[in-house]
Amino acid sequence: MTITDEVKQSIITQAQADAPLESCGYLLGTGDTVTENYPMTNIDHSDEHFSFDPREQFAALKYARQKGLRILANWHSHPASPSRPSEEDLRLANDSSIRYAILSLQDGTVHLNSFKIVNREIINKEIHI
């Protein structure tokens, strides 16, 4: 999956603004290229986990369809931990058709990786930042 520099900056800005809480959203695009960040609300308001607002999820899907885009990944931030899925992330990764991107802000350094997860196992990792 390729993520445009504009989208990378958008999610970094969003995550930094939401820190120390986890930030989240969908990555939208066509083919294998992400062209938009669709920011979402972390309704858990937590620094250790996130949940999407179901109404925002439906709005994101509707928006993507109207624009001829697909949801290519969901993403969330780890404000104080590495860019790798936690046990909870693996447990909740139940859609094998998308990637799961994690933006780490640990120690002021930005790392963005995405993962293909099937049956709670990482089968592919891509490094984006």
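The values are calculated or read from the model by the stated rules, or taken from the named source; none is laboratory data. Quick caveat, the model's predicted, so the values are computed rather than measured. Note that we place each Cβ from the backbone using ideal geometry, even for glycine, and neighbour counts take in every protein chain shown. Surface areas here come from the heavy atoms of the whole protein model, side chains and all, with no ligands, DNA or RNA. Shrake-Rupley method; radii C 1.70, N 1.55, O 1.52, S 1.80 Å.
If you take the residues in the range 17-41 that are touching a Pro at 6+ places or on another chain (Cβ under 9 Å) and not small (Gly, Ala, Ser), which one is most open to solvent (accessible area, probe 1.4 Å)? Among those residues, the one meeting the criterion is PRO20. Within the range 86-99, the set of residues being open to solvent by 20 Å² or more (accessible area, probe 1.4 Å) and of a type outside the set (D, E, K, R) comprises SER86, LEU90, LEU92, ASN94, SER96, SER97.
Give me the strands (runs of 3 or more DSSP E) completely within the range 82-129, filtered to those with at least 1 residues that are more than 19 Å from GLY25 (Cα to Cα), ordered by residue number. Of the strands (runs of 3 or more DSSP E) lying wholly inside the range 82-129, those with at least 1 residues that are more than 19 Å from GLY25 (Cα to Cα) span 111-118, 121-127. Could you tell me whether any residue of the range 120-127 is surrounded by fewer than 18 Cβ atoms within 10 Å (Cβ to Cβ), among the basic types (Lys, Arg) and closer than 16 Å to MET1 by Cβ? Yes: the range 120-127 contains one or more residues that are surrounded by fewer than 18 Cβ atoms within 10 Å (Cβ to Cβ), among the basic types (Lys, Arg) and closer than 16 Å to MET1 by Cβ. Here ASP18 meets each of (1) among the charged types (D, E, K, R); (2) more than 15 Å from the chain's Cα centre (by Cα); (3) over 27 Å from VAL118 (Cβ atoms) with one exception, condition (2). Of ARG65, ARG70, all but one fail to be touching a residue at least 40 places away in the same chain (Cβ under 8 Å) and open to solvent by 40 Å² or more (accessible area, probe 1.4 Å); the exception is ARG70. Checking each residue in the range 100-116 for being open to solvent by less than 10 Å² (accessible area, probe 1.4 Å) and of a type in the set (Gly, Ala, Ser) picks out ALA101, SER104, SER114.
Which members of the range 1-43 meet the condition of being touching a residue at least 12 places away in the same chain (Cβ under 8 Å) and in a loop (DSSP other than H, G, I, E, B)? Within the range 1-43, MET1, THR4, ALA19, PRO20, LEU21, GLU22, SER23, ASP32, THR41, ASN42 qualify.
Every test in (1) loosely packed, with under 14 Cβ neighbours inside 10 Å; (2) free of Cβ contacts under 8 Å to residues at least 24 places away in the same chain is passed by SER51 save one, and that test is (1).
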